[in-house]
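The block underneath contains the structure these notes are about, expressed in structure tokens.
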Amino acid sequence: MTHLDLSALTTESRNPRTEELDAMSTLDLVRAMNDEDRRVADAVAVALPQIAEAVDAIATQLRKGGRLIYVGAGTSGRLGVLDAAECPPTFSADPRQVRGLIAGGPNAFLRAVEGAEDDPALAASDLEQLDLRAKDVVVGIASSGRTPYVLGALRYAEKQGAVTIALTCNAGSPASSAAKIAIEVVTGPEIITGSTRLKAGTATKMVLNMLTTGAFVRLNKTYGNLMVDLQASNEKLVARSVTIVGSATGKSREEAERALGECDGEVKTAIVALQKGVDPATARTLLFHCTGSVREALGS
């Protein structure tokens, strides 16, 4: 049996600030966690140029009809699946547009599948089943930067000509070397040695938020900071739609509700129809010619 040497990984190092963790009062324990979490945003800030490069690459491929596919094991895989699941309701994204693959399959989201992360061929098989194409983007998520499942995914994606991005929490990892764009967020030792669901997981969630939010903003899914392409699939989102239309146009709640009713609940269409004083069909035409940009449609 091969024994991995994890001593060089900062995520596996022992944190000197929490060596007496079990002897701390509960208040001191949670204070220590909070102090460590404060370091995460600073670590993410160092990687912002690479994150921005990744956002632009993802937006470019999505415009071409490509997909964003997250690949990870354990916590990393779960975070990818979670971020993918949030895109359809937030941005009216096709559920096939952003996908999350986790080592061991969907059942691994709730319970670990032993050994799944150690099989690089499994990742290639999973991507093959998705019919991976050159216009797709594969983001390999691995705090250690050396998870075999993730490395297998990045190498297979490279062979298919897809854009490859690695998101890790260690510098100079094999995953970074295997990807076109390497996002390295070095969060340092965890409060519990090696428990990367903590700071590394928080950093990963922050970066994934940036990747999808940034890409969909570039795809005109927002107007300013308003979520204008949401799917009003429940009462809260219906109410939010009305608020958004009112905020964007300065119209009363009643006018916003009426416009949404006339526009089949389409927030973008309602905003343009109200602001331009046109019927829904004309508003849709304006948006179509402006690739869905409310700002451009209002200025046209």
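The values are calculated or read from the model by the stated rules, or taken from the named source; none is laboratory data. Small disclaimer: the values here were computed from a predicted structure and weren't measured. As a convention, Cβ positions derive from the backbone with ideal geometry for all residues, glycine included, and neighbour counts pool all protein chains shown.
From the list ASP28, ASP83, ASP35, ASP42, which residue is over 24 Å from VAL163 (Cβ atoms), of a type in the set (D, E, K, R) and under 24 Å from the mean Cα position of the chain (by Cα)?
Numbers: ASP28 fails: under 24 Å from the mean Cα position of the chain (by Cα); ASP83 fails: over 24 Å from VAL163 (Cβ atoms); ASP35 fails: under 24 Å from the mean Cα position of the chain (by Cα).
On inspection, the qualifying residue turns out to be ASP42.
To keep it simple, each residue is scored yes or no on (1) assigned by TED's automatic domain parsing to the domain that holds GLY194; (2) more than 30 Å from THR291 (Cβ to Cβ); (3) in contact with a Phe, Trp or Tyr (Cβ under 9 Å, 6 or more places away or on another chain).
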| residue | (1), (2), (3) |
| --- | --- |
| LEU27 | yes, yes, no |
| ARG39 | yes, yes, no |
| PRO49 | yes, no, no |
| GLY66 | yes, no, no |
| VAL71 | yes, no, yes |
| GLY74 | yes, yes, no |
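Just checking, does segment 183-194 include any residue being outside any strand (DSSP E or B), farther than 24 Å from PRO49 by Cα, touching a residue at least 40 places away in the same chain (Cβ under 8 Å) and among the polar types (S, T, N, Q)? Write out each step before concluding.
Within segment 183-194, the subset outside any strand (DSSP E or B) is 185-194.
Filter again for farther than 24 Å from PRO49 by Cα, leaving 190-194.
Those still in the list that are touching a residue at least 40 places away in the same chain (Cβ under 8 Å) too: 190-194.
So of that shortlist, the ones also among the polar types (S, T, N, Q) come out as 193.
Checked segment 183-194: at least one residue is outside any strand (DSSP E or B), farther than 24 Å from PRO49 by Cα, touching a residue at least 40 places away in the same chain (Cβ under 8 Å) and among the polar types (S, T, N, Q).
Which residue out of VAL238, VAL278 is over 30 Å from ILE183 (Cβ atoms), in a loop (DSSP other than H, G, I, E, B) and not assigned by TED's automatic domain parsing to the domain that holds SER92?
Details: VAL238 fails: in a loop (DSSP other than H, G, I, E, B).
Just a single option satisfies the conditions, and that option is VAL278.
Residues in segment 136-159: is at least one assigned to a loop (DSSP other than H, G, I, E, B), assigned by TED's automatic domain parsing to the domain that holds ARG96, closer than 17 Å to THR75 by Cα and among the basic types (Lys, Arg)?
yes
Show the residue pairs that are 6+ apart or on different chains and have beta-carbon atoms under 6 Å apart, the first residue being within segment 78-94 and more than 13 Å from GLY201 (Cα to Cα), the second being assigned to a loop (DSSP other than H, G, I, E, B) and acidic (Asp, Glu).
PHE91/ASP229; SER92/ASP229
How about segment 285-300: which of its residues are crowded, with 19+ Cβ neighbours inside 10 Å and assigned to a helix (DSSP H, G or I)?
If the condition is that a residue be crowded, with 19+ Cβ neighbours inside 10 Å and assigned to a helix (DSSP H, G or I), then LEU286, LEU287, VAL294, ALA297 are the ones that fit.
Kindly indicate the residue of segment 76-105 that is among the polar types (S, T, N, Q) and not in a loop (DSSP other than H, G, I, E, B) and also nearest to GLU117 (Cα to Cα) among those meeting that condition.
That would be SER76.
With respect to ARG133, is the statement that it is surrounded by fewer than 24 Cβ atoms within 10 Å (Cβ to Cβ), at pLDDT 95 or above, charged (D, E, K, R) and touching a helix residue (DSSP H, G or I) at 6+ places or on another chain (Cβ under 9 Å) true?
No.
Per-residue answers, yes or no, for (1) buried (at least 19 other Cβ atoms within 10 Å of the Cβ); (2) at pLDDT below 95; (3) in the same structural domain as VAL278 (by TED's automatic domain parsing):
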residue: THR168; (1), (2), (3): yes, no, no
residue: ILE192; (1), (2), (3): no, yes, no
residue: ALA200; (1), (2), (3): yes, yes, no
residue: LEU230; (1), (2), (3): yes, yes, yes
